[in-house]
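Reading through the structure tokens given below for one structure.
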Amino acid sequence: MIDFSIPAELATERDRVRQFVIDKIVPFERDPRLTAHGPTDELRQELVELARAEKLLTVQAPEALGGRGLSHVEQAVIYEAAGWSTLGPIAMNCAAPDEGNMFLLSKVANQEQVDRYLMPVINGHQRSVFAMTEPEGAGSDPAQLATEAVFDGENFTVNGRKWLITGANGAKTWIIMARLAANPHLPEGPTLFLTDGDQPGIVIERTMNTMDRNYVAGHGVVRFDNLMLPKSALLGEAGQALRYAQLRLAPARLTHCMRWLGAAERAQSIAIQHARTRTAFGKPIGEHEGVSFMLADNEIALHQCRLTIWHACWLMDQGEKARHESSIAKSYVSEELFKVADRCVQVLGGIGISDETVVEMIFRDMRAFRLYDGPTEVHKYAIGRKILR
């Protein structure tokens, strides 16, 4: 029998997380430190301490590293509750890119790297970045990687330019993807490196102006100018970056979906309340078929998105890679939740395009979500190739 019930203990924790976000985190949505480029690091640190006090910080981390070792299904339940506010995952240290980076480092990093680079991120004391995307190189197709690393047997020299590097300003733990040039010492090809963010040779040119504002410090343009790294900076094996990126991306696609499902629920709740109280043509607008049908479509979409996420998570908890299913989830959920947010704006009418509610911000951020960790078209391309084999 298929069992869709949530264990009582998990349901209790879900409700505790949701109430924590409502009581302690939502009030910060009007804080001036939530800027056009996302929350400042000062705001992040304040939110992190609130979560720490409630023992809700980095609960997804492996037990051996101080977390609770949540399964993927458990993460889906908790992250959805955290996503009620876009600041919720930041407070609980389960927001991108840190959440995905922590997952990757817990799988690939050696003990020295774990102690130096991973544990401070798990403990909420510093942030991390994953530097892959390039203006004229790697993006949806990481095989176009243009940033190059040259190895002389002792040190790597990295040169290249990246952009849309989330959280670059102020991040201390840097994962950098570069193409290792042919050399007599190590295999060539796409390779990951791990270093400190304040290294000479890491030049943050600027912060980009983007429509979303839910990530700490926004998205940066970065140049590696003869960045010198020791051999110990190698993360995992040389030439294996694309394999490691896939290790990170399948779960990361789903955690994006989990968090944004919570945000979409928040938008729906605001639209429902408005539909109950706002009147037009002699009755509450929710009693007009045009509005009630939009809210009904939203409820259907939220339900289907949740089931899609849970199924992919369940497969991963059974030990499967679930790349196909995670692609289905990312493409479907991102598109459907954007429609949910759009309908909520429509139900709210004039105030829907204002900052009188958070729906306008959720709508803009949700549009960006359709591009995070691969646009819909890339996932559909992968899905099509899979089913045609």
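The values are calculated or read from the model by the stated rules, or taken from the named source; none is laboratory data. From a predicted model like this one, the values you see are computed outputs, not experimental measurements. We place every Cβ from the backbone using ideal geometry, glycine too, and count neighbours over all the protein chains shown. Remember, those area values only see protein heavy atoms, side chains included, never the ligands or the DNA or RNA. Shrake-Rupley method; radii C 1.70, N 1.55, O 1.52, S 1.80 Å.
Numerical summary
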read-out: The chain, relative contact order in percent, only Cα pairs under 8 angstrom and at least six apart counted; value: 16
read-out: Stretch gain in nm, segment Phe4-Glu46, where the contour uses 0.36 nm per residue and the Cα spacing is subtracted; value: 11.5 nm
read-out: Accessible surface of the chain, 1.4 Å probe, proportion on carbon and sulfur as whole %; value: 52
read-out: Residue-wise HN-Hα coupling along segment 141-149, computed from phi with Karplus coefficients 6.51, -1.76, 1.60 (Hz; x: Gly, Pro); value: 10, x, 5, 7, 3, 10, 4, 10, 10
read-out: Proximal lysines relative to Lys321, as straight alpha-carbon distance under 25 Å, when same-chain residues fewer than 8 apart are discounted; value: Lys107, Lys330, Lys380, Lys386
read-out: Kirkwood Rh (inverse of mean 1/r, distinct Cα pairs), the chain, angstrom; value: 21.6
read-out: Most mobile of Val340, Val203, Val359 in a GNM of the chain (Cα contacts under 10 Å); value: Val203
read-out: GluC sites (Glu not before Pro) restricted to segment 115-164 and DSSP loop, no more than 11 other C-beta within 10 Å; value: Glu136, Glu154
read-out: Overall form of segment 90-198 per C-alpha gyration tensor (a/c, 1.5; a/b vs b/c); value: oblate
read-out: Segment 5-93, relative contact order in percent, only Cα pairs under 8 angstrom and at least six apart counted; value: 40
read-out: Gap separating the Cα centres of segment 310-389 and segment 173-231, nearest whole Å; value: 27
read-out: For segment 199-270: rounded, prolate or oblate by the Cα gyration tensor [a/c cutoff 1.5]; value: oblate
read-out: Residue-normalised accessible area of the chain, expressed per residue, 1.4 Å probe, Å²; value: 45
read-out: Peptides ranked, highest mean first, by Cβ atoms within 10 Å: ranges 79-90, 111-122; value: 79-90, 111-122
read-out: Sorted peptide list for 49-57, 188-196, criterion being average Cβ within 10 angstrom, highest first; value: 188-196, 49-57
read-out: FRET efficiency estimate (nearest 0.05) - Cβ-Cβ, Ile351 to Asn110, R0 51 angstrom; value: 0.45
read-out: Spin-label pair Glu299/Arg364, simplified geometry with 7 Å Cα→Cβ offset, distance in nm; value: 3.1
